[in-house]
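Undergrad: If you scroll down you'll find the structure; I have some questions about it.
The values are calculated or read from the model by the stated rules, or taken from the named source; none is laboratory data. Quick caveat: nothing in here was measured; it's all calculated off a predicted structure. Backbone-built Cβ (ideal geometry, glycine too); neighbour counts: all protein chains shown. Remember, those area values only see protein heavy atoms, side chains included, never the ligands or the DNA or RNA. Shrake-Rupley method; radii C 1.70, N 1.55, O 1.52, S 1.80 Å.
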Amino acid sequence: MTTGVPTSPSTARPRRSRLRRYLPLGIAVWLVLEIWLLTQVAGAAGGPTVFLLLVAGFAAGSVVIKRAGRRAFQNLNEALQRGGSPTRGGGNGLMMLGGLLLMIPGLISDAAGLLLLLPPVQKGVSRFAERTLDRSLRKAAPGTLGDAFQQVRIHRPDGKVVQGEVIRQDTSREPGEQWPPLTR
């Protein structure tokens with residue numbers, strides 16, 4: 001029985017991205033390296049020294065997360081009192097990530113967490129993340145985010161999609177005046 005809905009010519013599964021394919025392998029390699037490094041340091045310096053390093057990393061990470069969270073909350077309160085939006089960036093998110101990496105048991109994650117606490121590294125990572133996000137958003141689909149939400153609203157609850165275009169004929173408004181949204 002056909003429903004009139006066109007089906008795709010190939011029923012093959014879509015290709016998985018590289019990140020989804022290699023992320024589990026990367027996590028497994030990271031865990032093995034962490035355990036290996038901990039055993040090497042424990043063999044050289046002793047078990048209590050490694051335990052103290054891990055406890056110190058956890059304590060330092062919790063202090064960093066608390067401090068970055070307090071700073072982010074303070075920036076938000078100040079911005080709301082001014083009546084504007086909070087300043088962009090500030091490095092609070094990367095500081096929290098650095099604190100989280102410090103809290104995770106392991107010496108490699110501690111080193112990465114300490115690196116993320118350095119301002120030049122934070123600036124470089126944030127620039128890289130912004131460029132990557134901007135590139136992926138430009139590649140994703142043409143149009144603005146508002147267009148994407150408009151297209152989502154076009155889908156009906158019964159699964160049917162209404163194709164069409166809205167054309168307004170009212171010319172009583174001034175040329176620069178904004179129109180109300182169509183979804184009222």
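Yes/no per residue for (1) in a loop (DSSP other than H, G, I, E, B); (2) under 20 Å from the mean Cα position of the chain (by Cα); (3) at pLDDT below 90:
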{"residue": "Leu19", "(1), (2), (3)": "no, yes, yes"}
{"residue": "Ala60", "(1), (2), (3)": "no, no, no"}
{"residue": "Ala79", "(1), (2), (3)": "no, no, yes"}
{"residue": "Arg88", "(1), (2), (3)": "yes, yes, yes"}
{"residue": "Gly98", "(1), (2), (3)": "no, yes, no"}
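Undergrad: Out of curiosity, is Thr49 at pLDDT below 90, over 23 Å from Val121 (Cα atoms) and of a type outside the set (Asp, Glu)?
TA: no
This table checks each residue for (1) without any contact (Cβ under 8 Å) to a residue 12 or more places away in the chain; (2) open to solvent by less than 80 Å² (accessible area, probe 1.4 Å).
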position: Leu94; (1), (2): no, yes
position: Leu101; (1), (2): no, yes
position: Pro105; (1), (2): no, no
position: Ala111; (1), (2): yes, yes
position: Leu114; (1), (2): no, no
position: Gly124; (1), (2): yes, yes
position: Phe128; (1), (2): yes, no
position: Arg131; (1), (2): yes, no
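Undergrad: Hey, could you check region 60-87 for residues that are small (Gly, Ala, Ser) and touching a helix residue (DSSP H, G or I) at 6+ places or on another chain (Cβ under 9 Å) and say which is surrounded by the fewest Cβ atoms within 10 Å (Cβ to Cβ)?
TA: Checking each candidate, the answer is Ser85.
Undergrad: Of the conditions (1) more than 28 Å from Val50 (Cα to Cα); (2) modelled with pLDDT of 90 or more, Gly113 fails just one. Which one is it?
TA: (1)
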